[in-house]
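> Here it is: the structure, laid out below.
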Amino acid sequence: MCGIVGAIARRNVAKILLEGLSRLEYRGYDSSGMAINSDNGVHAHRAVGKVQALKNKCEDAPLEGHIGIAHTRWATHGKPTEVNAHPHFSGDDLAIVHNGIIENHAFLRRELIEKGYEFKSQTDTEVIVHLIFDEVKAGKNLLEAVQATLVRLEGAFALAVTYNDDNERFIAARKGSPLVVGVGIEENFVASDQLALLHVTDQFIFLEEGDVADVSRDQVLIYDDKGELQDRPISVFNHHLDSTDKGDFRHYMLKEIYEQPKVIAACLDGRVSETSILTNCFGADSDFLKEVENIHIVACGTSYHAGMVAKYWIEDLAGLPCAVEVASEYRYRKVAVPKNTLFLTLSQSGETADTLAALKMAKGLGYLTTLAICNVPSSSLVRESALTLLTNAGVEIGVASTKAFTTQLTALLVTSVAIAVQHGLSAARETELVRSLRSLPAYIDMALKQDSAIKMLADRFANKQNAIFLGRGSMFPIALEGALKLKEISYIHAEAYPAGELKHGPLALVDEDMPIITVVPNNSLLDKLKSNLQEVSARGGELYVFADLDTEFHEEVGVTFTEVPKVPDILAPIVHTIPLQLLAYYVAVVKGTDVDQPRNLAKSVTVE
């Protein structure tokens with residue numbers, strides 16, 4: 001959600017900025033803009049829609065200069081219009097781009113209006129740029145003006161500022177929203193994500209909470225929130241780990257679905273031996289596993305669904321109570337923390353605003369320790385957590401998460417078994433579970449072989465407006481995830497329910513126009529689930545069943561059967577995810593939606 005790119009160099013930075021914005025398109029946005037600081041002032045273009053619209057403007061009226069800032073906006077305050085697009089100005093020569101939300105903007109706006117400032121947009125961002133200009137007018141230089149302004153802002157933000165009267169540098173800052181500095185030779189950069197800068201550098205400084213960066217051609221000076229100069233380390237991006245090329249795939253989402261066998265193997269690498277969990281994967285000190293008596297899992301969206309599955313695993317294998325909560329709810333209530341509770345967060349990006357805020361709150365509540373399961377080693381969540389287990393999924397471009405979800409599940413299963421071993425799980429059972437885990441990439445590969453069969457189903461959903469997903473036990477969260485995927489990218493209204501809850505309300509929705517999608521593992525709940533599905537069939541519902549052959553489901557009137565490989569019970573939630581991902585993908589293709597960048601959604605949700 002939203003993206004910032006900034007650059008200072010001896011060459012014209014316009015193409016650098018535009019390429020950076022293109023690389024940030026996966027984050028979700030509805031408008032874009034760019035300001036270039038040149039010898040004759042700061043000039044800008046803004047456009048609604050895709051970055052290509054901004055590129056077209058730049059082709060018609062090129063911008064040239066050695067300092068520039070650029071932005072993709074995801075509308076919060078004010079509609080997605082050109083006047084609300086960034087950059088925003090105070091006067092003609094002070095420009096800003098901003099991610100995040102300023103919570104006290106209304107109060108600050110009233111104050112600035114009383115001082116005579118005129119607002120041209122509906123955004124909270126315009127408040128910041130006028131505050132900075134007000135400090136400049138009072139005699140401060142650009143760095144001092146930004147630092148003085150940040151003290152007055154409430155909320156989460158990342159920003160970059162350029163000023164023509166101070167045109168040997170630009171200033172960047174972050175609080176609660178990610179920002180990274182790219183280090184070059186006689187040129188330096190800033191961006192919301194290092195991917196935006198890989199065409200110009202592979203060396204990065206990750207700004208800490210409250211940091212302000214004074215960026216010039218020859219150096220980057222970083223000040224903490226107390227104004228003290230800091231020496232932040234430079235990290236080198238390992239290019240071979242990630243690829244942003246779609247290859248032969250039509251969409252990033254399909255490519256990422258097919259990468260799952262490989263990335264799950266990477267997730268398991270170094271975490272399991274032939275027969276056991278290698279507990280040093282949690283860090284040198286894994287003694288916390290013995291002390292854990294309770295687990296709290298906090299996450300958002302798809303990651304929350306992964307946490308729900310883990311609850312079944314942890315309570316089944318370890319016999320310990322596990323609570324799973326949406327981060328945006330957890331952080332706004334009074335939380336009772338049982339003795340020796342592990343606080344476990346899940347996030348693909350590691351920058352999810354609500355999850356980060358929940359972690360920061362939890363650190364003062366007396367938890368045993370904090371563990372983050374995350375895909376981005378340099379993320380804020382990883383840096384804030386005492387312990388980390390990386391999922392090793394690689395860059396995920398598609399907004400609808402696929403490989404990040406299944407690697408989260410894999411990491412959670414490793415964690416569940418590790419905890420269970422310290423709480424009485426037998427060596428024989430550990431060996432059995434580890435061998436199942438080691439077979440998981442092969443099982444995923446088998447599930448992907450149903451691609452063609454699932455693709456053929458998609459046409460049946462072309463004119464559907466609603467769908468219901470059903471599951472029981474640990475498959476209920478998978479049903480929730482399947483419904484989320486379908487609604488995210490095809491815009492079909494989809495809901496999920498525990499199958500046993502049908503008769504408590506959802507059955508009223510079932511008719512011949514309502515597709516009912518269900519995932520059916522061959523376990524102790526099979527007969528119960530079959531009874532639930534009979535209730536659907538009796539009311540003319542259109543059933544789509546994903547199950548293995550041993551469940552004895554078969555094609556009949558009103559029932560479409562798709563085979564899923566028979567797997568050990570513990571792996572069923574992960575393997576049954578695959579056909580639901582493929583179904584959502586092919587339905588979206590049939591409906592002609594933007595698969596990789598669905599409307600109104602962002603990859604990294606860095607605001608509340």
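The values are calculated or read from the model by the stated rules, or taken from the named source; none is laboratory data. Keep in mind that what you see is a predicted model, and the values were worked out from it rather than measured. Methodologically, a virtual Cβ is constructed for each residue, glycine included, from the backbone with ideal geometry; neighbour enumeration extends over all protein chains shown.
> As an exercise: evaluate I96 against (1) within 25 Å of L24 (Cβ to Cβ); (2) assigned to a helix (DSSP H, G or I) and give the number of the one condition it does not meet.
(2)
> Okay, moving on. For the range 562-579, indicate whether the set of residues that are in contact with an Asp or Glu (Cβ under 6 Å, 6 or more places away or on another chain), closer than 19 Å to E396 by Cβ, modelled with pLDDT of 75 or more and in a loop (DSSP other than H, G, I, E, B) is non-empty.
Among the residues of the range 562-579, not one is in contact with an Asp or Glu (Cβ under 6 Å, 6 or more places away or on another chain), closer than 19 Å to E396 by Cβ, modelled with pLDDT of 75 or more and in a loop (DSSP other than H, G, I, E, B), which makes the answer no.
> Here is a list: V399, V376. Which entry is free of Cβ contacts under 8 Å to residues at least 40 places away in the same chain, buried (at least 19 other Cβ atoms within 10 Å of the Cβ), of a type in the set (V, I, T) and at negative phi?
One residue alone meets the criteria, V376.
> Given the conditions (1) modelled with pLDDT under 80; (2) more than 21 Å from A404 (Cβ to Cβ), which single one is not true for S604?
Going through the list (1) modelled with pLDDT under 80; (2) more than 21 Å from A404 (Cβ to Cβ), S604 breaks only (2).
> Just the residues that are touching a strand residue (DSSP E or B) at 6+ places or on another chain (Cβ under 8 Å) and either without any contact (Cβ under 8 Å) to a residue 12 or more places away in the chain or part of a loop (DSSP other than H, G, I, E, B) (or both), please, taken from the range 51-82.
Once the filter is applied, which keeps residues that are touching a strand residue (DSSP E or B) at 6+ places or on another chain (Cβ under 8 Å) and either without any contact (Cβ under 8 Å) to a residue 12 or more places away in the chain or part of a loop (DSSP other than H, G, I, E, B) (or both), the range 51-82 yields N56, A61, L63, E64, G65, H66, A75, T76, H77, P80, T81, E82.
> Can I ask one more? Of the residues S452, S416, which single one is surrounded by fewer than 18 Cβ atoms within 10 Å (Cβ to Cβ), of a type in the set (S, T, N, Q) and assigned to a helix (DSSP H, G or I)?
S452
> Quick check: is even one residue across the range 481-499 at pLDDT below 95, basic (K, R) and more than 26 Å from the chain's Cα centre (by Cα)?
Looking for residues that are at pLDDT below 95, basic (K, R) and more than 26 Å from the chain's Cα centre (by Cα), one finds none in the range 481-499, hence no.
> Can you name every residue in the range 110-121 that is of a type in the set (K, R) and either under 17 Å from F157 (Cα atoms) or over 36 Å from the mean Cα position of the chain (by Cα) (or both)?
K115
> Can you name every residue in the range 161-212 that is crowded, with 22+ Cβ neighbours inside 10 Å and over 25 Å from the mean Cα position of the chain (by Cα)?
V161, T162, Y163, R169, F170, I171, N188
> Regarding the range 351-364, can at least one residue be identified that is part of a loop (DSSP other than H, G, I, E, B), modelled with pLDDT of 90 or more and farther than 21 Å from S474 by Cα?
yes
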